[in-house]
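Following: one structure in structure tokens, then a few remarks.
Just so you know, all these numbers are worked out from the coordinates, no wet-lab data involved. Bear in mind the structure is a predicted one, so any value in this text is a computation, not a measurement. Here the Cβ is made from the backbone with ideal geometry for all residues, glycine too, and neighbour counts use every protein chain on show.
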């Protein structure tokens, strides 16, 4: 089954939303959503990528653990990756996890699980040398984090020197332990009260406050915050004593004997039914705890079994987090408006009477499309139930008709674009209405330029939405090219600009001219062309001019590009306005470097097919690597196929390759070859 255009668009939307909120969560420490929402969003993307492996992009959030560390702090490389966890949202999910574990271990008996509370805090990594605290880091991107040693040392609960336990276990020469920094609920309220009285920033929740406190450049500020720490595992150890326990629970007890704080609710149980009982017990005492938790973590207790189970790209196969149900709230719809997206799609949005759910104030909710509006029959003035889960923007799950205003009108789709007033069209077979005026529509123009200057595109710092709105309103820019014609005198007339800030922005715009070909292609905002597709185009075309002259047949032969995407690319470059815009952009002296190909004699010029699943990398990442090595990757085995790369559960492609006498490489053979 091949993905539809809507499936591809949904993957792109989910990827973009996850990246935005991952950046706000991990880098800016300004989250807009609760973790349960982020997890649901992440789960949706995972399910789509599992259903359609060809949509799994090298830049997908599922292939990574966290986000890029913020600037301003030194970087520290973790001894072993700090992985995220898969999530379970029901008893069925938990039992499925237990079943998968047993299948991999070929074991039908009940297993021991170490059960731990999932604190709503900030993950940290502590390094001890000869028993003394050497350095500390945040999770960062899972491999490299920010150096927060000066701040961690201010936590009273963190031992600067480990105590030798009464059990006489030797302390390793080097030890890497993982934990969670948090703030107790009552202390959080005090911090916000003090901040409000002094006119300072109010934190959205305790996790936000803990993250902001850890990232202070001045340790005195961190020391003034009531931060605490619980250790929940370790990354690596160089032991002088070989008697380190062989399981998670006993290691935590050993850490506690060394003076490291461990959560007292940690418990080891036998079998999945006891895991379920543990969750129910914690759910019952949750509100009595001094700190916030958002679920329970289960880990296969024995380390030798953990090692045998291994891990996938971002998560271990031996652990899972059971999350608490999402919280809901009741409020009133003040009005329903219609937003115009970058590609002209019209999205209905409910403006809500502000309601606090899970510690976050909600004031609007996306209604996604007009089928959803009709299904809910949501109207202005309705009382509605809002759930903070399932989508990045809170979702209306139900309308309470008992309090409906008499003679209220059904919400009807607009006939004209709310931004430019042009007539709306509906794509064949699609739900969404669309404005076709592109750059002539102010709302689309704003979204297009926002995309063009964004971090993963041209990466022009200092061009926020408010500044772009002013530039458009004052007609200082009418398209992307207008940015490169701006001068300092144009910017100084805008609100909030002085000579220095104007000069900095001009320099930032000028610096964006030296970039990669794939970033430039992605920045153009061609429909169906995301970051991965842009990279594939850049790998196959050495410059923009060659790409503009491409034909449909050649495009379809490129990885990740099907007939729909090929048609949109051809349509874009056939448009006279697009050609004029690109020609004008290039006249400003852009230096667009194509991706460097690292050809390999085994793969260069060969036709390769991939089948099965892989534990060390995603199929899409493998595709990109093979293309970079000079291979042509196709989807089906034929007489033209030179090589088949086979992972787990390869299916009929392996059988056909064997019948045709085609060479086959296993995952490990491929890794050895590339190394």
message: Please compute, for the alpha-carbon atoms of segment 326-435, the extent along each of the three principal axes and give them in descending order in Å.
response: 38, 33, 24
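Can you give the convex hull volume per residue for the Cα atoms of segment 628-675, as a whole number of Å³? Can you show the working numbers first?
Working: hull volume 3.9 nm³, N = 48.
Taking the convex hull of the Cα positions in segment 628-675, it is 82 Å³ per residue.
Based on the Cα coordinates of the chain, what is the per residue volume of their convex hull in Å³? All intermediate terms of the calculation are to be shown ahead of the outcome.
Numbers: hull volume 130.1 nm³, N = 675.
Roughly 193 Å³ of hull volume per residue.
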- prompt: Considering the zone a paramagnetic label at residue 91 would reach in this model (a point 7 Å from Cα along the Cα-to-Cβ line), which residues of segment 321-359 have amide N under 12 Å from it?
  reply: none
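When averaged across all projection directions, what area in nm² does the alpha-carbon convex hull of segment 438-512 cover?
Mean projected area for segment 438-512: 4.4 nm², to one decimal.
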Radius ratio Rg over Rh of segment 483-534, counting only Cα atoms, Kirkwood formula for Rh: 1.14
query: Under the rule of -39500 (n - 2.57) per DSSP H run of 4 or more residues, summed and divided by the residues of the chain, what mean residue ellipticity at 222 nm is obtained, to the nearest 500 deg cm²/dmol?
result: -10000 deg cm²/dmol
query: In whole angstrom, and with the biggest value first, how far do the Cα coordinates of segment 204-305 range along each principal axis?
result: 43, 42, 20
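At R0 = 41 Å, how high is the FRET efficiency between residue 586 and residue 217 if r is their beta carbon distance? Nearest 0.05 is fine.
Numbers: r = 42 Å, r/R0 = 1.02.
Once the sixth-power term is evaluated, E becomes 0.45.
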message: At a 10 Å Cβ-Cβ cut-off, how would you order 318, 258, fewest neighbours first?
response: 258, 318
- prompt: For the residue pair residue 10 and residue 103, what label-to-label distance in nm results when each label sits 7 Å from Cα along the Cα-to-beta-carbon direction?
  reply: 2.3 nm
- prompt: So what are the radius of gyration and Dmax for the Cα set of segment 543-675, in Å?
  reply: 18.1, 56
task: For segment 516-593, evaluate the Debye formula with one uniform point scatterer on each Cα (no solvent term) and list log10 I(q)/I(0) at q = 0.14, 0.23, 0.24 Å⁻¹, rounded to two decimals.
output: -0.39, -1.11, -1.22
nm² value of the averaged projected area, convex hull over the Cα atoms of segment 88-147: 7.0 nm²
